[in-house]
1. Between residue 51 and residue 37, 0.36 nm times their residue separation minus their Cα-Cα distance comes to what?
2. Given 0.36 nm per residue, what is the gain on full extension from residue 22 to residue 44 after removing their alpha carbon distance, in nm?
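Values in this text are rule-based calculations from the coordinates and carry no lab data. This structure is a prediction, so every number in the text was calculated from the model and none was measured.
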Amino acid sequence: MAALPANPKRKPADTMDVPPAKPRRTKPKPRPSRSKLDQAEQAIDEAEQRYDAARRDLAAREAALRKERQALENDRDRERDRLETARADQERHYREAMAAWRDGEGD
């Protein structure tokens, strides 16, 4: 076999543009920063604290409403008892008046 003729457009190997080899690092890369992760975790913690505070506030308001409802029911029960007693007295007076009226009619 015969050697191929040299390509006139091709540069010889020793004159080709070859990038220089990268020098080896002597120091290891620095550790990646945790600051963004820390900020995200802090944001979660702050949000949880806000929602916990809001839940505590709602629980306090619910307790106040329960207390207010109980007081309202107690007031209603007392007034209802008073009104029922007054009604019973009026019914008794009415029945007595009707009985007296009937007795007076027969005369």
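1. Details: separation 14, 0.36 × 14 = 5.04 nm, distance 2.13 nm.
Computed gain between residue 51 and residue 37 is 2.9 nm.
2. Working: separation 22, 0.36 × 22 = 7.92 nm, distance 4.34 nm.
Length gained, residue 22 through residue 44: 3.6 nm.
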